[in-house]
Structures are given as C-alpha cells and as structure tokens.
Amino acid sequence: MLKEPQSIQYLKGIGPKRAKLFKRLGINFKKDLLYYFPRRYEDRSNFLPLAKLKEGIFICAKGKIIASQNFSTFQGRSMFKTTLSDNTGKIYLVWFNQPYLKNIFKNNDTVVIYGKPEKYNGRMQIINPEYEIIEEKDCFNIKNSLNLGRIVPIYPLTKGLSQHQIRRLIKACLDEEVSSLEEFLPYHLRNRHSLINLAQALINIHFPRNNDLEIRSYRRLVFDEFFILQVLVTLQKIKFKNQIGISHKIDNNILKKFRDNLDFNLTSAQEKVINEILKDMASLHPMHRLLQGDVGSGKTVVAIFTALCAIRGGYQVAFMVPTEILARQHYQNIFDRLSSFVAREQKIKIGLITSSLKKNERDKIYQEIKEGEIDLIIGTHALLQPGLKFKNLGLVIIDEQHKFGVSQRTILTRKNQNIDVLVMTATPIPRSLAMTLYGNLDLSVMRELPPGRGVIKTIALETTKREYLYEFVRKILLKRKQVYFVYPIIEESEKLDLLAAEQMYESLRSGIFRDFKVGLVHGRLKSNESCKIMQDFRDAKIDILVSTTLIEVGLDIPNATCMVVEHAEHFGLSQLHQLRGRIGRGSDESFCILVSDSTTQEAQARINAMVKFNDGFKIAEEDLAIRGPGDFFGFRQHGLPEFKIADPLKEIELLETAKKEAINLVRFDPALKSRENIALRKILKERIKECALQAAS
Ligand code: ADP
Ligand code: MG
C-alpha cells in the first residue's frame, strides 16, 4: 500500500488561509514543500566589518544598536532610523512607515542584517535591510539562523508569503520528513556516479552547508528527475514492443472527402506526416508517435485526420490540451470542420470536458462517453479523472504535450488497452534530445509552414522608447487589427520590480488606449470569465488583449497581428518563440515587439536570436548555444513540466548517464522486483498516482 500524501496543513504554522497561498505556488503536500526549490542563493555566510561596506554591493553584517529614532520625512512619511555599530564603524538602517520598529530595536541589541548600502548625506545607510535580532550567546551559533550568517535560499514567492516564512516551513518540513525519506537509488548506482544520498541532497539544496554541497545536491536531484523519466520511458518502450493493438480500418473515401472539403491544400509536410500516422493506425502495433511541428505549421488538421480515421473505424477519441481556452478553441474549430462535412454522412458527436463543468453537466457527459454516444471528446487535465470511462477508446491525441508529463500521458492511455497515441508539440528541441527524452516514441517532424503567411517582423525595443511603441500599436489598431500585450506577472510585487498584467491593463485601458477596447486574461480568473474575454477577442469585440503567458500555447486568431512582450528578458527563448507563434497566422504582416532593458548577456543573446530567426528549429539550436554553464537555477527556459530542477538542454551529459543507467536497470530487473529496486518502484507508482490526484482536485 502507498502512503497517502500528507497535506501541508498538518505543519505547525499553516492554517487554511496560508495553505491557500501555498496552493498558488503548487504546494499542497509536504512532499511538494521539500521539492519546492530555491530560485537562487545568497551567500550571507561571512559578516563584513562595517568599515568595509561598499556602496551598491549587498552585504551581511553584524553589530549593536546604539541609537534609534522615528522621524517624519518631507513628504509626510514616517521613517525609523537606527544606528548599527561594530568595532570598525557605523551605519544607519532605515525603514519607512514602520514606526513600531522603535519598540523592536533596543539599544545594545545585537543585530544581523543583510542589504545594499548606499550613501546618503555622506553617510552609509541601508534602506529596508533584512534583519534578525539575536541573543548575545547565539552570536557563535548564528549558523542556526535560516536567514543570515549562511548560504541563504531565495524562493519564488507569491503575495502574502515572505522568504522568512517559507524558509521556516521548509526547514520544519525537512526536520520532520527527512529521517523517514526512502532512498530509491540503488547504492551501487550512487557510488558509480558519486551521487550523494537523497536526504543529504534535499537538506542541502535548501540550506547548503557550503558551495560544494550545494552543487552536489543539485547534481543528485537533477539526476533523479532524468533517471525517473528514463526508467518510465524504458519500461514503456518494452511494453510497447510486444503490444498488439487496434488495426484501424482506414476509410480512404471519407478522408478524401474531408481533404477536398478543406479551404486550403495540405502542405507536403502535412501530407507526409498524415501518411506516417495512417500507416501506424492501420498496423496491429499501437501507434506511439510524437509530432513535432513549428508553431503555425498546421498540426490541428493532422490531428483531425487521425481522429476521423479512428472514429470511422468505430472507436472513440480523446483529445487532451493544457488550457481551457485552447480546449474551447479546438472544440469550436473541430466542430465546424467536421459538422459541415460529415452532416451528409454519418453524424459525429463531439464533447467538451473542462474542470469548470457543473456536476450535472459532467455526469451527463460522462454517461454519454460511457455509452459510446460521444465519438470525440476534447478536454483539459479533466480528462484524466478516474471517473471518466469510455466505451471504446481507440485513440488518444495530446496537444502541446510538453505541457504535460509522461505520467499524465500514461493515465490517459490506460483508459483502454493498447490504444494508439499521437502527441504533438511545437517545442522545437533538437532531434537528438527529443529522441533521448522521449525515446519510447516514434518521431514525425513538420518543418514547413503553410504558404501565404505574412512575414513576422521582430523588433527589440528599449523601455525608453515606450511612447514610440504606443504610437506604433495605435497605428495597427487603427487598421482594425488586434494586439496582444504580454507581461511576466499577474500582479505587482514589491520584491520584483516588474510591470504586471493587472496594473497595466488598468493603465492602458484608462490611459493611452482609452478609445479602444482592452481586455485582460490570466490564470487566476474564473474560467468562464476568461473564456468570455477570449471569445470577445476572437470576435474582435476586444482590440487589445492584456495577458500573461496563459496565451502562450495554441491560440489561433489570425486578425491579431501584433504582440508586445514586456520584460522580454524574463522569458526563455522557446517561450518567446511560442508566444510569437500567436501572430503571423494570417496573410498580413505581423509584428512582435520585445521590450526590454536586458540586463545580462544571455538575455540579450536570446532577444537577438528572436530578432534574427523565425524558424523554431533554428531557435532551438540557438537556445542550446546561448546557455552559459553554471548559474544552474538561473531560470527555467525549457518549460517542460517533468523537470523542476533539471534542464535537459543544459545537462545533456547527466541525461545520457541517467538514460544508460535506466536501461541497464530495467534490463536486469524489468519488473523492478528486486530488493534494491523496490523503493524506486514505489516512487514511480506514487508519481502516477499524484497526477491522478491532481486531475481530481
Ligand atoms: P499549430 O501547428 O501551431 O497547432 P494550427 O493547427 O493551429 O497550427 O494551424 C494554424 C493555422 O493554419 C490555422 O488557422 C489553420 O487553419 C491553418 N492551416 C493549417 N494547415 C494549412 C494549410 N495547409 N494551408 C493553409 N492554412 C493552413
Ligand atoms: Mg496547435
């Protein structure tokens, strides 16, 4: 029996309210907390003498409070100022609008601080430092602090949570859980590759005792992610090999009719891939095919051909996509295409399942699927729910499969035996890497875009040119074209100095673009609200759509010919390319404007690559080339949900090693029954179960 995962609500200091905040970060169970990795670290292990502080450079220091006072500033704000001193010098610490601090800092208190000194009126000061007041006797013991005097983890946060809180909770969780954590990598394997044990790795990834342990923890946890995936992939490959599946009857007649009925000619790439797929479908071997095609290459119509083929042979089809917005778009599109042409033939019934269905609606549709009345069911993760049963499922199609994990694919394909599976992605990772990552799938590639597309011009723009940008956008709007504005975050945050979708929506709508219709969508809206807005945008009732990366995948609205990406330096290259894929879908010229004062060389290189290349496969190569070594947390550019910490584009060697070991292990113990592999077997089972739980929640 597997243990039920434990909710974080059982941890001290977490009530329902805080649990909700954690949910936003994707943390539901204690285990999620252990695997919620820092974004980066700050080395606060050494205290600098106050005399040695330099302007603009973050430091950790320790001293005694010698005087404190509340002031009011010229603007009427209250200001608390205290003087910290050690035997080398003095510095002011300043806070605004927190007069109560006067009661917290007492003269002679020993205080450890972290912050960025600046010069003011000739004296050094730090505004808003992080601080901890410590007992004199703790001075020798500062290593016990989670926030100062050590290498300190910095986590991605959400409004209402502080670094101090999350550090404390993670520490508490580690203390409780680590002793019962089961090591699942066999000893000989760890030994061969000098991998530290799991407990050590988890402790030190959060609170590294030193740089060396930080790096070794990282390496171990990256290896784990690759290894688990590769074991799954290898097991599946073996299973696939001996499977007898459905040999679909290909009704060439109907396929021809469908083709003749299209308002365009298929590209030769589409023709080629459809042929590959139909061959798979007809064969007795179940299909397991990955279709890689650049954004806009026309994958949906390939999917419809495949679906049509299965349906005409008497089977049901499940079509899974990552967002509700996309599910609705596909539903509408496929409905239009099929109903207009099949009407004369035999009716094909299409259904839509999302998590926003009411219970009675869901029950009804479940019933229809179970009785085989619905032929094609389109949906989000909601399709994974255990209650959903098919009468005769024969084909699973997964769109934007890079947004799903292998486990999710497994759950859906288990809804019937040995069915055919087509997964599609636009993430153009290099072919060799795709073969390593998804070695259990056959690969089809479409490099060609349909003819007659307008060119996309990509322009890099500094933030100082904002007025020019708005002028430019206005000209496009006046031509009755539509525009996307994409921001990296939903709401403003004090910690991140970034423009946010909510605030910019208000500002654009009531300011510079008040004579146009502006809409806002992001992941935290209720789904019926965001669907309504998307529909209005599709119907051109909205001119400007302000959004986050929610719109990154799949959307197909040809009249939108301009996309503005703010803080472009915050997005990975493949993400930028996917975003840009939302425009250039019609015959008009389109514009992608990347606004950024890019700070690092790497960010600059990404933006340059976008300006220079339109081809996704070329972009994938650049992506590999640009990535600097080190900086391992940096930020995650690949966007593959399998990997919380690993970056397969960066850690190719470790990936290869994991793959070799996985193949070896499975070769000797394909059922994972030997004693040393039992823990691993448990982990794999848990993984799949977790996905089912997520789908059900
Ligand atoms: P993606 O591969 O990004 O999923 P879609 O399937 O959404 O691309 O197709 C993008 C657009 O191109 C759609 O509007 C679709 O109708 C159109 N399209 C697909 N194939 C062709 C073709 N052969 N010729 C012209 N337009 C096509
Ligand atoms: Mg698509």
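Suppose we filter region 141-173 for residues that are closer than 18 Å to residue 26 by Cα and among the aliphatic types (A, V, I, L, M); how many remain?
So the count comes out to 6.
Among the residues in region 290-303, are any more than 13 Å from ligand 1 (Cβ to nearest atom) and either surrounded by fewer than 21 Cβ atoms within 10 Å (Cβ to Cβ) or of a type in the set (A, V, I, L, M, F, W, C) (or both)?
Pass one, region 290-303, residues more than 13 Å from ligand 1 (Cβ to nearest atom): 290.
Restricting the remaining residues to those that are either surrounded by fewer than 21 Cβ atoms within 10 Å (Cβ to Cβ) or of a type in the set (A, V, I, L, M, F, W, C) (or both) gives 290.
Yes - at least one qualifying residue is present in region 290-303.
Looking only at region 408-424, count how many residues are farther than 18 Å from residue 241 by Cα, open to solvent by 10 Å² or more (accessible area, probe 1.4 Å) and not in a loop (DSSP other than H, G, I, E, B).
2
Checking the structure you have, find out if any residue of region 297-317 is touching a residue at least 12 places away in the same chain (Cβ under 8 Å), in a loop (DSSP other than H, G, I, E, B), within 14 Å of ligand 2 (Cβ to nearest atom) and touching a Lys or Arg at 6+ places or on another chain (Cβ under 9 Å).
Scanning region 297-317, I find at least one residue that is touching a residue at least 12 places away in the same chain (Cβ under 8 Å), in a loop (DSSP other than H, G, I, E, B), within 14 Å of ligand 2 (Cβ to nearest atom) and touching a Lys or Arg at 6+ places or on another chain (Cβ under 9 Å), so the answer is yes.
With the checklist (1) part of a helix (DSSP H, G or I); (2) open to solvent by 50 Å² or more (accessible area, probe 1.4 Å) in hand, flag the one item residue 75 doesn't pass.
(1)
Of all residues in region 641-670, which are at pLDDT below 90 and either in a loop (DSSP other than H, G, I, E, B) or within 19 Å of residue 183 (Cβ to Cβ) (or both)?
641, 642, 643, 644, 645, 646, 647, 648, 649, 650, 651
For residue 573, which of the numbered conditions (1) at pLDDT 90 or above; (2) surrounded by 24 or more Cβ atoms within 10 Å (Cβ to Cβ) fails to hold?
Against the list (1) at pLDDT 90 or above; (2) surrounded by 24 or more Cβ atoms within 10 Å (Cβ to Cβ), residue 573 comes up short only on (1).
Could you tell me how many of the residues in region 266-287 are within 15 Å of ligand 1 (Cβ to nearest atom) and either open to solvent by less than 20 Å² (accessible area, probe 1.4 Å) or at pLDDT below 95 (or both)?
6
Regarding residue 360, is this residue more than 16 Å from ligand 2 (Cβ to nearest atom) and in a helix (DSSP H, G or I)?
Yes: the conditions hold for residue 360.
Please go through (1) open to solvent by less than 50 Å² (accessible area, probe 1.4 Å); (2) modelled with pLDDT of 90 or more for residue 41 and return the number of the only condition it doesn't satisfy.
(2)
Just checking, how many residues over region 536-563 are farther than 16 Å from residue 490 by Cα, more than 16 Å from ligand 2 (Cβ to nearest atom) and either touching a residue at least 24 places away in the same chain (Cβ under 8 Å) or open to solvent by less than 40 Å² (accessible area, probe 1.4 Å) (or both)?
Looking only at that region, the number is 11.
Would you point out which residue out of 321, 317 is away from ligand 1 (no atom under 14 Å from the Cβ) and of a type in the set (Val, Ile, Thr)?
317
Within region 191-198, identify whether any single residue is hydroxyl-bearing (Ser, Thr, Tyr), outside any helix (DSSP H, G or I) and either away from ligand 2 (no atom under 16 Å from the Cβ) or open to solvent by less than 20 Å² (accessible area, probe 1.4 Å) (or both), and answer yes or no.
Looking through region 191-198, at least one residue is hydroxyl-bearing (Ser, Thr, Tyr), outside any helix (DSSP H, G or I) and either away from ligand 2 (no atom under 16 Å from the Cβ) or open to solvent by less than 20 Å² (accessible area, probe 1.4 Å) (or both).
Just the residues that are charged (D, E, K, R) and exposed (fewer than 14 other Cβ atoms within 10 Å of the Cβ), please, taken from region 458-489.
462, 466, 467, 471, 475, 479, 480, listed by residue number.
Of (1) away from ligand 1 (no atom under 16 Å from the Cβ); (2) open to solvent by less than 10 Å² (accessible area, probe 1.4 Å), residue 255 satisfies all except one. Which?
Every condition holds for residue 255 apart from (1).
Which number in (1) within 16 Å of ligand 1 (Cβ to nearest atom); (2) modelled with pLDDT under 95; (3) buried (at least 19 other Cβ atoms within 10 Å of the Cβ) marks the one condition that residue 336 misses?
With respect to (1) within 16 Å of ligand 1 (Cβ to nearest atom); (2) modelled with pLDDT under 95; (3) buried (at least 19 other Cβ atoms within 10 Å of the Cβ), residue 336 is out only on (3).
Exactly one of (1) touching a residue at least 40 places away in the same chain (Cβ under 8 Å); (2) closer than 27 Å to residue 556 by Cβ is unmet by residue 392. Its number?
(2)
From 427, 458, grab the single residue that is closer than 30 Å to residue 589 by Cα, touching a residue at least 60 places away in the same chain (Cβ under 8 Å) and more than 16 Å from ligand 1 (Cβ to nearest atom).
458
List, please: which pairs have Cβ atoms under 6 Å, are six or more places apart or on different chains, and start with a residue in region 432-454 that is open to solvent by less than 10 Å² (accessible area, probe 1.4 Å) and end with one that is within 12 Å of ligand 1 (Cβ to nearest atom)?
Close Cβ pairs satisfying both conditions: 444/273; 444/291; 446/269; 446/273; 446/293; 446/297.
The values are calculated or read from the model by the stated rules, or taken from the named source; none is laboratory data. All values derive from a computational prediction rather than experimental measurement. Methodologically, a virtual Cβ is constructed for each residue, glycine included, from the backbone with ideal geometry; neighbour enumeration extends over all protein chains shown. Remember, those area values only see protein heavy atoms, side chains included, never the ligands or the DNA or RNA. Shrake-Rupley method; radii C 1.70, N 1.55, O 1.52, S 1.80 Å.
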